[in-house]
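Have a look at the structure below before the remarks.
The values are calculated or read from the model by the stated rules, or taken from the named source; none is laboratory data. Predicted model, so just to flag it, every value in this text is computed and none were measured. Cβ placement follows ideal geometry from the backbone for every residue including glycine, while neighbour counts extend to all protein chains displayed.
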Amino acid sequence: MYSNKSALLLDMNSTFMFGEDNFGIDENFSKHYHNIGGELSKEDANEIIRSVYVHLDKLYPDEKYRHNFPTVVETIRSVVDKNLPEEEISKLVDTFAKHEVGNIPAEYIEVLNQLSKKYQLAVVIDIWAPKEKWLNLFEKSGINTLFSASSFSSDHGMVKPSPKPFELVVKNLNISKERCLVIGDSVRRDLGGASAAGIDCALVGGATHINALGSYKNLLELSSYLY
């Protein structure tokens, strides 16, 4: 089924990263914010982070923002307080990213390393905060050199299921779409975006759809069909 594939375009959240998006009602965002020198009150810091998350979460499914999704900084200025000092905005953005990023289990680090021996790897990732914390985690996990191309939505404002992030990565890989396989956990965003770009997609995480090449419990299970 996958014998003609030579490049894998990987989604991240719930594909090889887990425990992300810690924005629950009981989350104390101010702890990290104050640890890095933030000066707003606990109540204000928590309210700002939660308001930004709620606002972006509302916009995320809206097709109107598919190619111009707002940044966390823009949202703080437009929704919360356009007069906040730059140094406080920077600390709030760092706090938002701290709670958005997840972790990469050791077995997924291992499988990515194994897959990189046979395939070109790339990532097509929707995140709302700037990508630095994710890049740092990739480096700490030893996977930062595995990806030949990447698309982070916070760099350019294009979110899945737009086909454009997939097309951008394929162009950077300098490979035909027929040789690529998208792997992700979302029927709407990963399969939908891949299909719009004319690229095959396999689903993980229990997602299923008739248009997917296959559906698997997780990336670990799918990898046994890819080696």
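Here are some notes:
- Every listed requirement among (1) touching a helix residue (DSSP H, G or I) at 6+ places or on another chain (Cβ under 7 Å); (2) surrounded by fewer than 18 Cβ atoms within 10 Å (Cβ to Cβ); (3) aromatic (F, W, Y) is met by Y60 save one, (1).
- Taking the conditions (1) at pLDDT below 95; (2) in contact with a helix residue (DSSP H, G or I) (Cβ under 6 Å, 6 or more places away or on another chain) in turn, T95 satisfies each one other than (1).
- Residue check, E27 within 18 Å of G102 (Cβ to Cβ) and either outside the structural domain of Q120 (by TED's automatic domain parsing) or modelled with pLDDT of 95 or more (or both): yes
- Among the conditions (1) over 14 Å from K5 (Cα atoms); (2) touching a strand residue (DSSP E or B) at 6+ places or on another chain (Cβ under 7 Å); (3) without any contact (Cβ under 8 Å) to a residue 60 or more places away in the chain, D185 misses just one, which is (3).
- Taken together, K171, K160 contain a single residue that is under 19 Å from A122 (Cβ atoms) and crowded, with 17+ Cβ neighbours inside 10 Å, which is K160.
- V72 vs. criteria surrounded by 19 or more Cβ atoms within 10 Å (Cβ to Cβ) and either over 23 Å from the mean Cα position of the chain (by Cα) or within 18 Å of N13 (Cβ to Cβ) (or both): yes
- The residues of the range 10-29 that are surrounded by fewer than 21 Cβ atoms within 10 Å (Cβ to Cβ) and either over 19 Å from D185 (Cβ atoms) or more than 10 Å from the chain's Cα centre (by Cα) (or both), listed by number, are F18, G19, D21, N22, F23, G24, I25, D26, E27, N28.
- Among the residues making up the range 114-153, those that are part of a helix (DSSP H, G or I), in contact (Cβ under 8 Å) with a residue 60 or more places away in the chain and either on the phi > 0 side of the Ramachandran plot or not hydrophobic (A, V, I, L, M, F, W, C) (or both) are Q114, S153.
- Residues (closer than 20 Å to K177 by Cα and not small (G, A, S)) located in the range 211-221: N211, L213
- The condition of being assigned to a loop (DSSP other than H, G, I, E, B) and among the polar types (S, T, N, Q) holds for only one of N46, N68, that being N68.
- Conditions (1) within 14 Å of the chain's Cα centre (by Cα); (2) of a type outside the set (D, E); (3) closer than 24 Å to E221 by Cβ; number of the one not met by K118: (1)
- Subset tally (residues that are in a loop (DSSP other than H, G, I, E, B) and in contact with a strand residue (DSSP E or B) (Cβ under 8 Å, 6 or more places away or on another chain)) for the range 188-225: 10
- The listed residue being in a helix (DSSP H, G or I), assigned by TED's automatic domain parsing to the domain that holds V182 and among the hydrophobic types (A, V, I, L, M, F, W, C), out of V111, V93, V52, V73: V111
- Applying the criterion of being among the aliphatic types (A, V, I, L, M) and touching a helix residue (DSSP H, G or I) at 6+ places or on another chain (Cβ under 8 Å) to the residues of the range 182-195, the residue that is surrounded by the fewest Cβ atoms within 10 Å (Cβ to Cβ) is I183.
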